[in-house]
Amino acid sequence: MGTFIGKPIKRREDARFLKGAGRYTDDIKLPKMTQSAFVRSPYAHAKIVRIDTTNARNMAGVVAIYTAEDGCGEYGVPCGWQVNFKNGETMREPKHPLLAKDKIRHLGEAVAIVIAETLEQARDAAEMVEVDYEPLPAVTDPQKAMDSGAPLVHDEWPDNAAFDWCIGNDRAEVEAALASAHHVTEMEYRNQRLAPNAIEPRSYIADYDVNAGKWTLYTSTQNPHLIRLLLCAFVLGIPEHKVRVLSYDVGGGFGSKIYHYTEEALLTWVSKEIGRPVKWTSDRSEAFLTDAHGRDHVVKSKMGFDKDGKIVAHLTDEYCALGAYLSTFAPAVPTYLHGTLFQGVYTTPLIHLNVTAPFTHTVAVDAYRGAGRPEATYLLERIISKAAKEMNMDPAEIRFKNFIPPFDGVNEPGYQTQVALQYDSGNYEAVLKRGLEMLGYEEFRKEQEEARRNGKLLGVGISTYIEGCGIAPSAVVGSLGARAGLYEVGAVRVQPTGKVSVFTGTHSHGQGHETVFAQFVADKLGIDMADVEIEHGDTDQVAFGMGTYGSRSLAVGGSAIIKSVEKVLEKGAKIAAHKLEAAEEDLEYAEGKWTVKGTDKSVSFGDVSLTAYVPHDYPEGLEPGLDFSSFYDPTNFTYPFGTHIAVVEVDSDTGKVHLKRFLACDDVGNVMNPMIVDGQIQGGVVQGVGQALLEEVVYDEVGQMLSGSYMEYAMPRADDVPMIETDRTVTPCPHNPLGVKGAGEAGAIGSTPAVVNAVVDALSHLGVTDIQMPLTPQRVWKAMHA
Amino acid sequence: MNISITINGKLVTHDIEPRISLSHFLREHLDLTGTHIGCDTSGCGACTVTLDGQAVKSCTVLAVQADGSEVTTIEGMAQGDQMHPIQEAFREHHGLQCGFCTPGMVMTAADILKNNPNPTEEEIRHGLEGNFCRCTGYHNIVKSIQHAAEQMKA
């Protein structure tokens, strides 16, 4: 712990948000700005027979109307990850047009954009655009999409598969081990489709400056540099150095604002056509139809055990929906972000996962809080609890029996899994022990027995998860199909007065980077936090950046900043040595000054900074200035882990689940700001509870969405959840300078199976062994009465 | 239509289309962009303001319906640099992350505490059920409101 590191420092971003003075994209108004509205398909699959914009063009205030015929962005939106078929055939990668041409492939796909002086005028005119469609049969279920004769999403290929993929040990070997196992537990279910639902809808403003020949794109994105690169190099073919992408305040992302969306590119194109700024802000209905969704795996799994309850083999087959087009990270989510976590925290010696990933007549799936890892964790944590019940073991006991033993990654090597990864450091027993203590597990079991005797349905569910954050290094992810590096950039600019501007390529949309990054920079420099300012969300200010997702900001972005801080101190020492007339090796740096060891001769950080910019008396041959930018490419992922425990009571009359307690003991490595880490865990847990109990995107047989508003899509509200009880253990990451692992997704990864395990536990004496998520009262009641 | 509304203590007169919602009027016509719009169905609560002392979702109130009324938005909560005790409590207890739902949460909290200065946790949660937060899991929002209640009593 330092002066600031490890302390619950209050957030500096809060004042503006609390006063209503945040700067979200939709809050920005530019001179001469126009507004826009989209004409979107009411069908999931249809031929476009005719588009007539004549009447719409004559409406008041209309500036322009564009359709695919106008030639916008002819290359389409690219995918950022390539996963080829097992037989080596290249991934099928359809062109994703900015506006649909000839054919519609998902509900809500845009057919035309209307630009007008006001939003009302744009919406009025959009309603006057006439489109004739010839509806076609649709397929929205990933397994049905692979049936022979299923409607094709893209006619150019003989079936709907985009790719298939497998990972782990030889399938025949795994099957043989299952055949000779003492006990085999099986599960079949759907990890349902979810809508991320950041409360701020997507919003974009594109502004083309005719005189400078430059574009500015204001966008609600998690990764501004990535958007600029994709937009310039792939979609529009415009020069990257003439485009500035700004994402100031962004109201939540959860993965849904990674994707480079068609609207971002189209508005950029439109702005040049009309020579004026143009804004579009999604409404919630559009968000349900067009924001990338998460999950949607159909799963069939078998896990084999020996007579002592040790796992001997695990075999899973999945169908994972991709949607009509490939989003930026879609192919990585059900593969490298998913199958690589199938080891979990267990010593399973044989693992095989087979994935078939088809196109479906739905909006694209992309990363959603945890991205592939919640799906893996759900499977492992449900099936091991189900196995425990079947083998008359306690769910905690079966876990202790199978845990990978503790290793710190320094004195003991990292743990090599059967599914490609090497875990950095872990102590899985410790978090489960602590979790059980927090609950008072044995007393709870007694209470549960008592409750059952009184007709009450009380249950407890355990989940012991691991996840992989900050995926890297670039060379490895490149060999796995990533079309980008996964390093991060951090720049430290010391101003002449010793004030410090820090620039990061990561992006804060709730995570509190402006506070946390300042905490460790101030500590490392031995200066006051008030003298450090964190800048993000502006492609003009920092060389590059991969953005914020996968709980990578601190582990990867923080490390890049540390590299620059080290360069500042290294150069500063040269200047200090010169000023102190001492050798560099005789100096030590602490509390913001260089001191000649064993003396009281010192020079402050501020003095050195000023000297760097006013280099009158200066080391010979040394460049003036104190300004460094660094790229950090990690050597490995980081692996946070933890234990989540849910206590539920099920209403025996209605099947409604009441979440009574939720306890989380997480290990996210070293902690910079415990207040923020706890906040991330609490929020993640509740999102995971949402998947367990409430949330599901439902498409009907023809691809209409039945859950397209907050009337139908249920998310956790304040009275659905209790206080989240948190604690932690600390197992530092051995391979990054801050020893941090990442905390953004852990809550959502660990909590879902804990809740479902608890409900099944509450009903186990009634013969209930599994219930399909979300666990609505109807489904629970039916399971109780089956 | 011509309307006159007292917004954050200031009388505002405007000629607007009758179909304009109060939220849209605040944001687009008065540049009071602290009131956020998160949905179309009064489901999310981000647009909550007080209308004649009652918390309302300004996306489902027409601006013309507010004619002659008094409206307080998030911009009217702080007195200069002096934040309202509820705002202070949210900062103190990390009751916000991305900040988008926050104005609606603060306005709803004000309504809860006005009607019930000593709410239980259950009453606070019940009072917040019209407001979505996707970041915090509500934990720290509830704690913030509990803290604000104590501060406002003192």
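The values are calculated or read from the model by the stated rules, or taken from the named source; none is laboratory data. Note that this is a predicted model, so its numbers are computed, not measured. We place every Cβ from the backbone using ideal geometry, glycine too, and count neighbours over all the protein chains shown. These area figures cover heavy atoms from the full protein model, side chains too; ligands, DNA and RNA do not enter into them. Shrake-Rupley method; radii C 1.70, N 1.55, O 1.52, S 1.80 Å.
Here are the numbers for this structure:
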read-out: Enumerated helices (runs of 4 or more DSSP H) restricted to the stretch A:382-492, each holding at least 1 residues that are surrounded by fewer than 18 Cβ atoms within 10 Å (Cβ to Cβ) and among the acidic types (Asp, Glu); value: A:395-402, A:428-439, A:441-453
read-out: Scan of the stretch B:117-134 for residues that are among the polar types (S, T, N, Q) and either open to solvent by less than 10 Å² (accessible area, probe 1.4 Å) or within 10 Å of chain A (Cβ to nearest Cβ) (or both), ordered by number; value: B:Asn131
read-out: Close pairs (7 angstrom Cβ cut-off, 6 or more residues apart or separate chains): open to solvent by less than 10 Å² (accessible area, probe 1.4 Å) in the stretch A:748-763, assigned to a helix (DSSP H, G or I) and β-branched (Val, Ile, Thr) anywhere; value: A:Ile749/A:Thr377; A:Gly750/A:Thr377; A:Ser751/A:Val685; A:Ser751/A:Val689; A:Pro753/A:Thr377; A:Val755/A:Val689; A:Val759/A:Val780
read-out: Criterion violated by B:Lys114 - all others in (1) crowded, with 24+ Cβ neighbours inside 10 Å; (2) more than 7 Å from chain A (Cβ to nearest Cβ) satisfied; value: (1)
read-out: Tally, over the stretch B:69-93, of residues that are outside any helix (DSSP H, G or I), within 11 Å of chain A (Cβ to nearest Cβ) and open to solvent by less than 10 Å² (accessible area, probe 1.4 Å); value: 1
read-out: Residues of the stretch A:111-159 satisfying the condition of being outside the structural domain of A:Glu273 (by TED's automatic domain parsing), open to solvent by 50 Å² or more (accessible area, probe 1.4 Å) and in contact with a helix residue (DSSP H, G or I) (Cβ under 8 Å, 6 or more places away or on another chain); value: A:Asp159
read-out: Contacts under 7 angstrom Cβ, first residue in the stretch B:95-108 being more than 7 Å from chain A (Cβ to nearest Cβ) and within 16 Å of B:Glu129 (Cβ to Cβ), partner in a helix (DSSP H, G or I) and open to solvent by 10 Å² or more (accessible area, probe 1.4 Å), 6 or more apart; value: B:Thr108/B:Gly127
read-out: Unique match (being assigned to a helix (DSSP H, G or I) and of a type outside the set (Lys, Arg)) among B:Leu96, B:Leu113; value: B:Leu113
read-out: Residue within the stretch A:539-551 that is farther than 30 Å from A:Ala371 by Cα, in contact with a strand residue (DSSP E or B) (Cβ under 8 Å, 6 or more places away or on another chain) and at pLDDT 95 or above present; value: no
read-out: Contacts under 7 angstrom Cβ, first residue in the stretch A:687-715 being under 17 Å from A:Thr290 (Cβ atoms), partner polar (S, T, N, Q) and surrounded by fewer than 22 Cβ atoms within 10 Å (Cβ to Cβ), 6 or more apart; value: A:Val697/A:Ser707; A:Val698/A:Ser707; A:Gly708/A:Ser285; A:Ser709/A:Ser285; A:Ser709/B:Thr41; A:Tyr710/B:Thr41; A:Tyr713/A:Ser707
read-out: The lone exception for B:Leu11 - which of (1) within 13 Å of chain A (Cβ to nearest Cβ); (2) of a type in the set (A, V, I, L, M); (3) without any contact (Cβ under 8 Å) to a residue 12 or more places away in the chain it fails; value: (1)
read-out: Of all residues in the stretch B:30-59 being within 11 Å of chain A (Cβ to nearest Cβ) and not in a loop (DSSP other than H, G, I, E, B), the one that is surrounded by the most Cβ atoms within 10 Å (Cβ to Cβ); value: B:Val49
read-out: Selection status of B:Arg19, basic (Lys, Arg), surrounded by fewer than 24 Cβ atoms within 10 Å (Cβ to Cβ), under 20 Å from A:Gly252 (Cα atoms) and at the interface with chain A (Cβ under 9 Å from one of its Cβ atoms); value: no
read-out: Unique match (being out of contact with any helix residue (DSSP H, G or I) (no Cβ under 8 Å at 6 or more places or on another chain), assigned to a helix (DSSP H, G or I) and hydrophobic (A, V, I, L, M, F, W, C)) among B:Val64, B:Val12; value: B:Val64
read-out: Cβ-Cβ under 6 Å pairs, at least 6 apart or on other chains, the stretch A:415-433 side without any contact (Cβ under 8 Å) to a residue 60 or more places away in the chain and in the same structural domain as A:Ile398 (by TED's automatic domain parsing), far side of a type in the set (S, T, N, Q) and open to solvent by 10 Å² or more (accessible area, probe 1.4 Å); value: A:Gln416/A:Gln422
read-out: Meets criteria (open to solvent by less than 20 Å² (accessible area, probe 1.4 Å), under 30 Å from A:Cys72 (Cα atoms) and of a type outside the set (A, V, I, L, M, F, W, C)) for A:Gly237; value: no
read-out: Leading residue by the ranking (nearest to the other protein chains (Cβ to nearest Cβ)) among those in the stretch A:667-681 that are part of a helix (DSSP H, G or I) and in contact with a Cys (Cβ under 9 Å, 6 or more places away or on another chain); value: A:Gly679
read-out: Subset tally (residues that are assigned to a loop (DSSP other than H, G, I, E, B) and surrounded by 24 or more Cβ atoms within 10 Å (Cβ to Cβ)) for the stretch A:257-291; value: 6
read-out: One residue from A:Val516, A:Val542 being over 23 Å from A:Lys7 (Cβ atoms), in contact (Cβ under 8 Å) with a residue 12 or more places away in the chain and buried (at least 19 other Cβ atoms within 10 Å of the Cβ); value: A:Val542
read-out: The stretch A:695-738, residues that are part of a loop (DSSP other than H, G, I, E, B), more than 12 Å from every other protein chain (Cβ to nearest Cβ), open to solvent by 20 Å² or more (accessible area, probe 1.4 Å) and more than 26 Å from A:Leu554 (Cβ to Cβ); value: A:Glu696, A:Val698, A:Asp700, A:Glu701, A:Val702, A:Gln704, A:Leu706
read-out: Strands (runs of 3 or more DSSP E) contained in the stretch A:1-84 and holding at least 2 residues at pLDDT 95 or above and within 14 Å of chain B (Cβ to nearest Cβ); value: A:34-40
read-out: Of residues in the stretch B:135-154 being part of a helix (DSSP H, G or I) and of a type in the set (S, T, N, Q), the one nearest to the other protein chains (Cβ to nearest Cβ); value: B:Asn140
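Rundown of residues vs (1) in a strand (DSSP E or B); (2) within 27 Å of A:His260 (Cβ to Cβ), yes/no style:
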residue: A:Pro158; (1), (2): no, no
residue: A:Phe163; (1), (2): yes, yes
residue: A:Val184; (1), (2): yes, no
residue: A:Arg190; (1), (2): yes, no
residue: A:Ala198; (1), (2): no, yes
